[in-house]
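Here is the structure we will look at, set down as structure tokens.
Every number here is computed from the coordinates shown, using simple stated rules; none is lab data. Just so it is clear, the model here is predicted, and its values are computed rather than measured. Every residue, glycine among them, receives a Cβ derived from its backbone with ideal geometry; neighbour counts consider all protein chains shown.
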Amino acid sequence: MPQKGLKILIIGGVACGPKAASRVKRLLPNADVTIIEKGNIISYGACGLPYYVEGFFNKIGILTETPIGIARTPVFFEKVKGVVVLVRTEALGNLKILISRFMAYYNIIKRQRSRTL
């Protein structure tokens, strides 16, 4: 049974956020999915950062490309995945206030910060 009107907000657009958004759209194609990301680059593999720093490639944007060289930009996610991505958007303070004032979402997926031991 399709979930009509289901809205999901995903906070964090680096690796896990876009993966979660894509999975939600596969499982619930009628859901409205939005990712908000504090930075301006989304869906990149952080494991490639040492190669960029070392100088193996000149453009950091290469980290956002699909295996066939298409950049995973907000436009890519909207057209290919059906997911809205808001970059340079930060979730500050109380999330319940953020959601109630600016967006009427029912479900939130938020990345968890790891703790150092």
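Counting every other Cβ atom within 10 Å of each residue's Cβ, L9, L63, L27 order from fewest to most as L27, L63, L9. Counting only aspartates and glutamates at least 8 places from K38 when in the same chain, those with an alpha carbon closer than 15 Å to its own are E90.
Annotation note: chymotrypsin sites (Phe, Trp or Tyr not before Pro) in region 1-71 located in DSSP loop regions with a Cβ neighbour count of at most 14 within 10 Å are F56, F57.
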